[in-house]
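Let me begin by presenting the structure, written as structure tokens, before commenting on it.
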Amino acid sequence: MDYQLELQRALDAARPVLGTGRVADYIPALAAADPKSFGLALATVDGEVYGAGDWEQPFSIQSVSKLFTLALSMATGGEAVWHRVGREPSGTPFNSLVQLESELGIPRNPFINAGAVVVTDHLLTLTGDAGRSVREFLRAESGNPLLDTDPVVAGSEAAHGHRNAALAHFIASYDNLENPVEAVLGHYYAHCAIAASCRDLALAGLFLARHGLRADGSRLLSRSDAKRINAVLLTCGTYDAAGEFAFRVGLPGKSGVGGGILAIIPGKGTICVWGPALDRAGNSVGGVAALDAFTTATGWSVF
Ligand code: DON
């Protein structure tokens, strides 16, 4: 298959929908993104990377980071994380508070904001620095030593993070945080505000396509844990649009409000797409359309 040609075709097919989305502005530092930016990268399990469009331009990875916090906390702490967070789709927006009270401070899944706050707290306890753990993992897997947290975005998130602070305090009221709320939120913003390109993220996600193996051949996760993360990505990785994403794309994937989506093709590779214009669920409109076009043309899917 001519990967390069298929990537370009997917971008070209999806470009017309970019105008139907809106850039996230509830984090003011993200509002400056150009809604016409668009790129995608494909990395194969043997580490080859192909790209089209703006695939080498760094963007704010936001909730795509939640995939890595979960993987690192499972790699370091084993099963323990599942005592504190569930693994069912929420059917509610990514920053919703409504289920937390009836479910006694146990977030539905690790990919909504409430769940990611708990996983970040767990990783902070396990490693002493959750933000740094995610950054170092991304640097090692992508081979990009310059990859870093954007302090302007992290500061903007903290300054406008009333909803996340509310979620975190509410969770703490049910004794489901081990560290002070301010510290947990600081680490949560530190990993959400990492700037990385489609190339970087496609390479960094390959451990899930390799059934748990890192770029250097060492094992991060058991095959079973890699399967579990892929399963939760499929059912919860794109929030209350996870059904639509599975229908159109048929791959495990994680989106972020910076406009990135990282999708895993187990045994084959990863695709990361970036387009900052979002649909109402907070997923990149161009990103979903490009993945739809690519998977339909190539037949790459878990189904
Ligand atoms: O906490 C927030 O709201 C952001 N740092 C991350 C949200 C996000 O990316 C949701 N994804 N679509």
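The values are calculated or read from the model by the stated rules, or taken from the named source; none is laboratory data. Fair warning: this is a prediction, and the values are worked out from it, not measured in the lab. Please note: Cβ atoms are built from the backbone with ideal geometry, for glycine as well, and neighbour counts cover all protein chains shown. Note: accessible area is taken over every heavy atom of the protein model, side chains too, but ligands, DNA and RNA are not part of it. Shrake-Rupley method; radii C 1.70, N 1.55, O 1.52, S 1.80 Å.
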Accessible area per residue of the chain at 1.4 Å probe, in Å²? 38 Å²
Counting only C-alpha contacts under 8 Å and six or more residues apart, can you give the relative contact order of the chain as a whole percent? 28 percent
Less than 13 Å Cβ to Cβ from Ala158, Lys/Arg counted +1 and Asp/Glu -1: what total charge do the surrounding residues give? -2
Ordering 15-25, 118-128, 227-237 by per-residue average of other C-beta atoms within 10 angstrom, highest first, gives 118-128, 227-237, 15-25
Give the long-range amide H neighbours of Phe59: residues separated by 5 or more places, or on another chain, with amide H under 5 Å away, using H modelled in the peptide plane at 1.01 Å from N. Ala196, Ser197
Rounded to two decimals, what is Rg over Rh for the range 145-303 when you use alpha-carbon atoms and the Kirkwood radius? 0.99
Inter-part distance where the range 65-79 and the range 131-204 are each reduced to a Cα centre, Å: 13 Å
Counting only Cα, what are the radius of gyration and maximum Cα-Cα distance Dmax of the range 1-83, in Å? 16.9, 45
For the chain, whose charge dipole is built from +1 on Lys and Arg Cβ atoms and -1 on Asp and Glu Cβ atoms, the candidate among Gly21, Gly286, Ile61 with its Cα farthest towards the positive end is Gly286
Give me the percent relative contact order of the range 14-141, please, defined on Cα pairs under 8 angstrom at least 6 residues apart. 18 percent
Show which aspartates and glutamates lie in cross-link reach of Lys227 when reach means a straight Cα distance below 16 angstrom and same-chain residues fewer than eight apart are skipped. Glu79, Glu88
For a Förster distance of 30 Å, can you work out the FRET efficiency between the beta-carbons of Leu104 and Arg132, rounded to the nearest 0.05? 0.45
Counting only protein heavy atoms, what percent of the accessible surface of the chain is carbon or sulfur at a 1.4 Å probe? 53 percent
Take the Cα atoms of the range 236-303, find their three principal axes, and give me the spread along each one in whole Å, biggest first. 29, 20, 17
How about Lys66: which aspartates and glutamates have a C-alpha closer than 13 Å to its C-alpha, ignoring those fewer than 8 places off in the same chain? Asp121
Cysteines without a disulfide-compatible partner [the chain; Cβ-Cβ under 4.7 Å]: Cys192, Cys236
Suppose the chain between Tyr174 and Gln8 were pulled fully straight at 0.36 nm per residue; how much longer would it get relative to their current alpha carbon spacing? 54.9 nm
Provide the FRET efficiency to the nearest 0.05 for the Ala80-Asp216 pair, computing r from the beta carbons and using R0 = 30 Å. 0.70
Which FRET efficiency, nearest 0.05, do Ala297 and Lys268 yield, Cβ-Cβ r, R0 25 Å? 0.95
Please give the direction-averaged projected area of the C-alpha convex hull for the range 48-143, in square nanometres with one decimal. 7.7 nm²
GluC sites (Glu not before Pro) within the range 150-235: which are DSSP loop residues with at most 16 other Cβ atoms inside 10 Å? Glu178
Sequence ranges 295-303, 57-65, 40-48, ranked by mean other-Cβ count within 10 angstrom, highest first: 57-65, 40-48, 295-303
Within 14 Å, Cβ to Cβ, of Arg135, how many net charges do the neighbouring residues add up to if Lys/Arg are +1 and Asp/Glu are -1? -4
So, in Å, what gap is there between the alpha-carbon centers of the range 1-53 and the range 216-255? 19 Å
If you line up the Cα atoms of the chain on their principal axes, what length do they span on each, largest first, in Å? 53, 40, 36
